[in-house]
1. Report yes if some residue within region B:19-36 is at pLDDT 95 or above, over 22 Å from residue B:238 (Cβ atoms) and either hydrophobic (A, V, I, L, M, F, W, C) or more than 25 Å from the chain's Cα centre (by Cα) (or both); otherwise report no.
2. Can you confirm whether region A:83-90 contains a residue that is under 19 Å from residue A:158 (Cα atoms) and in contact with a helix residue (DSSP H, G or I) (Cβ under 7 Å, 6 or more places away or on another chain)?
3. So which residues in region A:48-83 are touching a strand residue (DSSP E or B) at 6+ places or on another chain (Cβ under 6 Å) and of a type in the set (Gly, Ala, Ser)?
4. I'd like the residue in region A:123-146 that is buried (at least 17 other Cβ atoms within 10 Å of the Cβ) and more than 14 Å from every other protein chain (Cβ to nearest Cβ) and, out of all such residues, is farthest from residue B:368 (Cα to Cα).
5. Among the residues of region A:22-67, which ones are out of contact with any Ser or Thr (no Cβ under 6 Å at 6 or more places or on another chain), within 22 Å of residue B:388 (Cα to Cα) and of a type outside the set (A, V, I, L, M)?
6. Going by the conditions given, is residue A:19 within 13 Å of chain B (Cβ to nearest Cβ), basic (Lys, Arg), over 22 Å from residue A:130 (Cα atoms) and not in a loop (DSSP other than H, G, I, E, B)?
7. In region B:380-400, what count of residues is obtained for those that are within 11 Å of chain A (Cβ to nearest Cβ) and either closer than 9 Å to residue B:364 by Cα or free of Cβ contacts under 8 Å to residues at least 12 places away in the same chain (or both)?
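The values are calculated or read from the model by the stated rules, or taken from the named source; none is laboratory data. Keep in mind it's a predicted model, so treat the numbers as computed, not measured. Positions of Cβ are backbone-derived with ideal geometry, glycine not excepted, and every protein chain shown enters the neighbour counts.
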Amino acid sequence: MVTLPEISEVLAAHPAVRRAEVVIVRHQGRDVAIAAAEPSEYVSGPILRNYVRQELGEDTGLAGVLIVEQMPMADGAVDVDSLAAAVAEGRCALFEDPRDDVERRVAAIWSAQMDVRSVGVNDDFLELGGDSLSVLGIIAAIETEFGRSLNVYEFMNAASVRRLAEILR
Amino acid sequence: MVLSVRRRIGDIARADPDRTALIGFDTNLVEQVLSWREFADRVADAADALRAAVDDRSRSCAVVPAGNTLPAAIAIAAALTAEVPVFPLNPTTPLAERDALLRLLGRRFTHGYLVDAELRPQRLDLSAGSAVADGHGTVADGHGTVADGHGTAADGPGPGKPGTVAYLLATGASTGIPKISARPGPLRYDPMRTPSLVIRQAGWRSAQRQLIVGPLYHAAPFTAFLDAMLDSNTVVLQPFFAPRWTPELVHRYAIEWLQLTPTHMREILRGSPDLDPACFASLRAMLHTAARCDPDTKRGWIDLLGPERVYELYGATEGVGVTLVRGDEWLARPGTVGRGLLTQIRILDNDGNPVPPGMTGTVFMRTPQRVGRADYVNDQAIRTTPDGFATVGDHGRLDRDGYLYLEPRDHDTINVGGEKVDPDEVEAALRDHPAVVDAVAVAVPHGTLGSVVAAHVMLRPGTSVRRAELAAHCGRRLAGYKIPKQFTFVDQIPRSAAGKVQRWRLTSHHETPHHENGATPL
């Protein structure tokens, strides 16, 4: 089992990260491990989360990475309450596997078109590294697979696998 | 497959040698036509000459006096082919401004080469600028992009070294502080990205016939020309703007795609009140950008072309994000600049918290292009959030369906005793007067109200009108505090060719110091 300090260490070694801390927060009745990362240049939470998965394996238990301008501190320690509040407000995308077949097929299309191994159903398209090329690729693949044509606005409005799957259901 | 400019132009010329690439006019307005084969040959020759003249490509740039002429178009294409960073210069730039621009270039480049109408590179002295030190000498380091989607070394394969520049553009025309933004390079053709998605959504087709009205030294016409060249268009260059000439050129050359500024649009409607819609029968789309368009002009064009052919794009040159709106959407939501295209929009209050739909705040946008966003060569105009949203400082609101509405920029808003006056509204009311050709509303100091509205007015030749009559005219259209309290008649409203008012050129004593020295960046 990977320990929290190991995750912090891996994150802090990422070239775009200045400082990282991993904490356990209470969210919707369960404990989740999330990291807070202070970036030195632009980087997204899902990209850092996938970086940890790539370095330490898929079962680190890290649910999400919150990008912070400055590490929130309280009494000389990381302010866990403020991180828990950020998670509660939905500011940190938590990794979640597809829950049904439509989500699974959409996630597989994203993964193939964007060349990203791990796509959570709540991940934001742009934060996962999507661009104009992958938009067109995904729209074309969805048309083939679901027989439903989408325009760029509909796609960008959805922006996550879960919301896109809702449109397609 | 991603191709170099040299390879792409050569491919088009081989596939379609006799098709027209460029149509221009000489100083006697005699038509000049170049086929794709002729264009490719002349570009290749000029590129070779530039390569031979330049010792160190990474530290040299080409400066092209970029009127809308065939030699200027060839010179720009040649520099991009030679992979020498190119700066299209307004040939009518006053000497002092020109020197300031060259000094800015001198911060980044050791050698400049002027490529004139003869297409012979000549050494330029950029070093004169090193004497000017203003403490903001940070030069863009190659993280740059304009709001378009040419393939670049940054987002596709290519031999470009990090920090290589494709082209440089002067910006900041409405504040008077010259700025230059750098676009990383070298320029590449990528069939999936050239032109960008937003341009393709705005009625663009490969191998179309395009008229370029705005000058090649401005961002929108410049990038439209690059897209045209890489996407095998036939380009007609209108050498200068004459309002009655544009519809005639559209008709004569069966133009399919056209990009205009709101000033062009307004002048064309005024220049030909009885304009025949049949002139535009060939046109698939008219895209307008740059300054904001007043509702009368917008409706005039929607009447002329039908709503499905009128597109408006709002996008900061810096590649922060872009919105697009078609005429039919605009009619349903008058005043909107549309929805984000491949762009997420967030409206934030002064503390950085999101505000609900309908509430005004600062417009932040996020796009995939942020990685290659252009920085200004000489200042930092973009604010960003940790999660990748950025703003150039515009204010606005979103409706529930995600359509963006912009508020006037802070430094343009006139504050009359706490009431905010949008100068656009005052100017539109003045232009509505039959004797008025153009107008600019500005703030002038006032003892008790802080400031009041003053107007610079350009009258139709041979007409005269009393100030009281103009005030009464405004009074029928505007609330009392919005009515100009002073009128100054001028021969010409100083506008950049993109139609933005160059407020710092209004040298009247009315101008507040704030406007006079252009101390506000952006």
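1. Within region B:19-36, not a single residue is at pLDDT 95 or above, over 22 Å from residue B:238 (Cβ atoms) and either hydrophobic (A, V, I, L, M, F, W, C) or more than 25 Å from the chain's Cα centre (by Cα) (or both).
2. No, every residue in region A:83-90 fails to be under 19 Å from residue A:158 (Cα atoms) and in contact with a helix residue (DSSP H, G or I) (Cβ under 7 Å, 6 or more places away or on another chain).
3. Passing the criteria: A:61, A:63, A:64.
4. Looking at the filtered set, the residue picked out is A:146.
5. Passing the criteria: A:38, A:39, A:40, A:41, A:42, A:44, A:45, A:46, A:49, A:51, A:64.
6. yes
7. Selection size over region B:380-400: 5.
Residue-by-condition table, conditions (1) of a type outside the set (Val, Ile, Thr); (2) farther than 17 Å from residue B:495 by Cα; (3) away from chain A (no Cβ under 14 Å); (4) surrounded by 24 or more Cβ atoms within 10 Å (Cβ to Cβ):
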| site | (1), (2), (3), (4) |
| --- | --- |
| B:193 | yes, yes, no, no |
| B:241 | yes, no, yes, no |
| B:262 | yes, no, yes, no |
| B:271 | yes, yes, yes, no |
| B:282 | yes, yes, yes, no |
| B:286 | yes, yes, yes, yes |
